[in-house]
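Enquirer: My questions all concern the structure below.
Where a number appears in this text, it was derived from the coordinates with a stated rule and is not lab data. Because the structure is a prediction, the values reported are computed rather than measured. Backbone-built Cβ (ideal geometry, glycine too); neighbour counts: all protein chains shown.
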Amino acid sequence: MTSEEAKQAFIKQCPVIDRSYSARSDVHYKCISALIYRIINGKPTLYVELADKNTSSVTITKPDTVREEIL
């Protein structure tokens, strides 16, 4: 997912899927709950906060591991 796609998914609050490198399968999330910018090596870097289906926890990851869930 690009930065612009992450922004659009955040605004739509649509379900998303994360494919982390350590996971053996896709993990489904309720939505992107926040866009987080951090300065890494002097450059702004985007991270996304993913709300789980029960909204009791979140995962923070880079948007390139996330895609919009097609319902």
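Enquirer: Estimate the FRET efficiency between Ser56 and Gln13 by the formula 1/(1 + (r/R0)^6), using the beta-carbon distance for r and 25 Å for R0, to the nearest 0.05. Don't jump to the answer; show the numbers that get you there.
Expert: Numbers: r = 17 Å, r/R0 = 0.69.
Here the calculated transfer efficiency is 0.90.
Enquirer: Can you give me the angle between helix 3-12 and the longest principal axis of the chain, using Cα atoms only, in degrees from 0 to 90, rounded to the nearest 10?
Expert: 40 degrees
Enquirer: Evaluate the distance, in nm, between pseudo-label points positioned 7 Å from the Cα of Tyr47 and of Thr65 along their respective Cα→Cβ axes.
Expert: About 1.1 nm, to one decimal.
Enquirer: Which one is right for this structure if log10 I(q)/I(0) by the Debye sum over Cα atoms at q = 0.13, 0.25, 0.26, 0.28 Å⁻¹ is calculated from it: (1) -0.74, -1.10, -1.10, -1.12; (2) -0.33, -1.14, -1.21, -1.35; (3) -0.49, -1.06, -1.11, -1.20?
Expert: Correct label, based on the coordinates given: (2).
Enquirer: Multiplying the sequence separation of Ala34 and Glu4 by 0.36 nm and subtracting their Cα-Cα distance, what value in nm do you get? Could you put the intermediate results ahead of the total?
Expert: Working: separation 30, 0.36 × 30 = 10.80 nm, distance 1.36 nm.
The Ala34-Glu4 span can extend by a further 9.4 nm.
Enquirer: Could you grab the relative contact order for the chain? Cα pairs under 8 Å, six or more apart, rounded to a whole percent.
Expert: Working: 135 pairs, mean separation 23.5, N = 71.
The value is 33 percent.
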